[in-house]
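Below is one structure, written out as structure tokens; comments come after it.
The values are calculated or read from the model by the stated rules, or taken from the named source; none is laboratory data. All values derive from a computational prediction rather than experimental measurement. Using ideal geometry, Cβ is built from the backbone for each residue, glycine included, and neighbour counts are taken over all protein chains shown.
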Amino acid sequence: MDANKRQRYEKISIELTRLVGGRENIQGVAHCATRLRIVLNDNDLADLKAIEDVDLAKGVFVAGDQVQIIFGAGLVNDVYEVFAEHNNMKNMSLSDLKTVANKKMNPLQRIIKALSDVFVDIMPGILAAALLTGLSGVLGNMEFVQANDTLYGINRLINISSGAIFGFLPLAVAYSACKRFGGRPIMGIVIGCIMLSDSLANAYSAAQGTVEVTTLHIFGLGVDLVGFQGGIIVALLMGFVTAKLDVFFEKKVPEVIRLLLSPLLTTLVGALLLFTVIGPVGRGLSTGITNALVWMTQNLGVFGYAVFSGLQQLVVITGLHHIFGAIEAQLLADTGRNFLNPLMSVAIIAQGGAVLGYLVRHRKNVKTRELCIPSFVSVLFGITEPALFGINLRYRFPIIGGCIGAAMGGIVVYLTNLAAVGFGTTVLPGIALADPANNGYINYMIAHGIAIAGGFVMTLVLGKFMDQVQDEAVDTGAAQQVQTEMAPQEQDQVQEAPKEEVFFGYADGQLITMEDVRDDTFANKVLGDGIAVIPSAGKVYAPADGTILSVFDTKHAICFASSFGTEILIHIGVDTVNLQGKYFTAHVKDGDQVKKGQLLVEFDRDQIEKAGYDTVIPMIFTDLPDEKTLEKPLPCPVTKDTKAVVVRLCAEG
């Protein structure tokens with residue numbers, strides 16, 4: 001690192017240290033491929049607005065209880081080195097930093113995160129059941145389906161499939177909870193099987209009084225032999241208890257008899273607790289939650305709906321929204337209808353309307369368009385974090401406009417008695433879950449239309465009083481600065497750029513858009529536009545002739561410059577920096593000259609996926625001038641001989 005750059009990074013480090021509340025407020029610091037990640041004692045002491053204006057910083061947000069400052073590939077390594085040295089915190093890994101961040105969570109935050117982890121693991125099955133339920137409802141209302149034996153039979157199988165998944169949902173929850181809290185997953189399955197045993201009276205039939213319930217007397221307590229169909233809360237509690245019992249007996253039972261005795265004791269004690277303590281307590285808690293929600297609909301009426309939908313996205317900001325999955329599941333099990341789903345859905349789309357309102361007010365600003373458009377696309381599929389943290393909260397008045405629009409949508413949900421027959425998906429995909437009764441699909445679209453329009457209009461209105469439109473001129477200073485800082489010999493080596501430059505496939509697989517990458521930084525194009533590949537094999541190739549600028553120590557990312565000077569970042573996987581180079585083999589080093597199609601990195605795709613990481617490979621054009629555009633032939637299969645991206649001058653596009 002030359003003296004001029006080091007002096008610049010030292011200045012950045014001094015300023016950052018001051019803006020995050022001083023050295024005494026910093027608990028830990030690490031970095032990934034693009035972001036400097038800092039854990040603070042008190043996040044409120046950090047001036048996030050001022051940090052956005054720090055030299056070379058491209059954005060800042062708080063996620064996972066970390067202040068994350070985006071500097072970009074390569075640059076973040078140098079900034080981290082100087083910043084960590086300045087604060088005497090070098091040699092801290094990203095996993096160490098996450099451990100520090102988790103210690104900051106209060107008990108409520110840990111409970112919420114645990115619930116989220118439980119349902120994330122089984123969400124694919126829940127979504128499958130929900131969508132199958134919606135599809136069955138649609139087909140069941142079509143006369144020609146009822147009249148055709150084959151179509152009727154297919155619809156019956158769909159209905160059976162969806163019912164079976166929901167019927168065994170407590171087992172899945174017990175399995176996932178046991179796994180999440182450190183027990184062996186099979187022990188969670190065992191307890192789930194006991195909960196749904198055929199030897200017990202069906203819970204729904206027992207509630208209707210259509211079956212005889214046997215009562216046992218254990219330690220003077222009357223124990224009703226009733227199953228736990230729909231017992232989501234009970235399953236959560238039992239998953240936790242089973243995990244703790246399993247860990248306890250695995251430690252205490254002598255090794256010579258552990259294999260036989262430990263599972264026996266876990267199952268026996270767990271079953272006794274299920275029928276004598278956990279079951280009754282869990283049923284009471286479930287009944288209380290359901291009754292409270294039903295009371296709200298019957299007594300607060302339209303006001304209750306409007307308040308819930310209007311404030312729901314504020315709950316998302318706190319992270320407490322993850323608990324709604326368990327509540328929705330219990331509500332469906334007890335009543336067969338889920339009125340929370342459409343309320344949350346209109347709350348989401350209203351924030352999208354607020355994003356569009358802000359975009360209209362700043363439509364001439366290139367950076368605003370690049371941030372707002374992908375954020376709105378995410379909203380359409382039920383993901384609001386990019387919109388909330390990137391725009392609406394940041395500028396304040398859009399979040400207010402979105403909340404007002406959400407309340408308007410909630411009123412429509414109440415007036416039309418709209419509900420869902422499942423949970424787990426919202427907005428566009430969520431229409432499949434709408435209860436078709438009383439024109440449910442039409443009412444779903446009306447409610448969402450009013451919510452998005454309300455958020456859009458209210459943001460425009462509030463913007464007239466609360467928004468100060470900034471100068472819309474495009475800032476090209478950073479690009480010019482990079483060019484002037486390049487050494488003279490490096491400038492001589494770069495050929496004059498042609499009007500069209502072709503980049504070929506850098507991995508075998510399926511091309512997707514950047515917006516489809518499941519990471520906010522990539523999807524929102526914070527580091528730049530580009531494409532991504534869902535790989536079918538574990539090899540990454542050079543997309544063009546050029547030079548390797550940097551190979552990360554963890555070998556999960558490469559900075560590359562084409563022979564015409566176009567710089568790109570190839571990033572293998574999402575958050576794979578955590579693997580610390582495991583499963584990656586680099587075949588090039590810094591400064592190597594490479595040819596199109598030359599092997600750069602090999603990685604073990606299967607092992608990385610088994611470790612829980614997404615192996616998608618974004619290719620980002622990190623410093624593309626405004627006068628150039630990207631032409632992307634998407635979506636399509638791609639190999640190293642496939643034309644993947646064409647960089648063109650705007651005049652030629």
Log entry, pairs with first residue in region 271-283 being within 21 Å of residue 189 (Cβ to Cβ), second being modelled with pLDDT under 90 and not β-branched (Val, Ile, Thr), beta carbons closer than 7 Å, six or more apart or on different chains, reads 279/228; 282/231
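Conditions tested, residue by residue: (1) under 23 Å from residue 370 (Cα atoms); (2) not in a loop (DSSP other than H, G, I, E, B).
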| residue | (1), (2) |
| --- | --- |
| 548 | no, yes |
| 561 | no, yes |
| 574 | yes, no |
| 577 | no, yes |
| 582 | no, no |
| 585 | no, yes |
| 600 | no, yes |
| 608 | no, yes |
Counting only residues that are assigned to a strand (DSSP E or B) and either at pLDDT below 90 or more than 30 Å from residue 369 (Cα to Cα) (or both), region 531-546 contains a total of 4
Scanning region 553-582 residue by residue, the ones that are surrounded by 22 or more Cβ atoms within 10 Å (Cβ to Cβ) and either in contact with a Cys (Cβ under 6 Å, 6 or more places away or on another chain) or of a type in the set (Phe, Trp, Tyr) (or both) total 3
Considering region 227-261, residues that are at pLDDT 90 or above and of a type in the set (Val, Ile, Thr), and then whichever is surrounded by the fewest Cβ atoms within 10 Å (Cβ to Cβ), we arrive at 257
Reported set for region 1-26 where residues are modelled with pLDDT under 85 and under 30 Å from the mean Cα position of the chain (by Cα) is none
Per the filter on region 442-455, residues surrounded by fewer than 24 Cβ atoms within 10 Å (Cβ to Cβ) and farther than 11 Å from residue 416 by Cα are 445, 449, 450, 453
Within region 362-381, residues outside any helix (DSSP H, G or I) and surrounded by fewer than 19 Cβ atoms within 10 Å (Cβ to Cβ) come out as 363, 364, 365, 381
Screening 624, 630 for residues that are outside the structural domain of residue 69 (by TED's automatic domain parsing) and in a strand (DSSP E or B) leaves only 630
Exactly one of 389, 423 is within 16 Å of the chain's Cα centre (by Cα), of a type in the set (A, V, I, L, M, F, W, C) and modelled with pLDDT under 80, and that residue is 389
Taking region 197-223 and keeping residues hydrophobic (A, V, I, L, M, F, W, C) and exposed (fewer than 10 other Cβ atoms within 10 Å of the Cβ) leaves 219
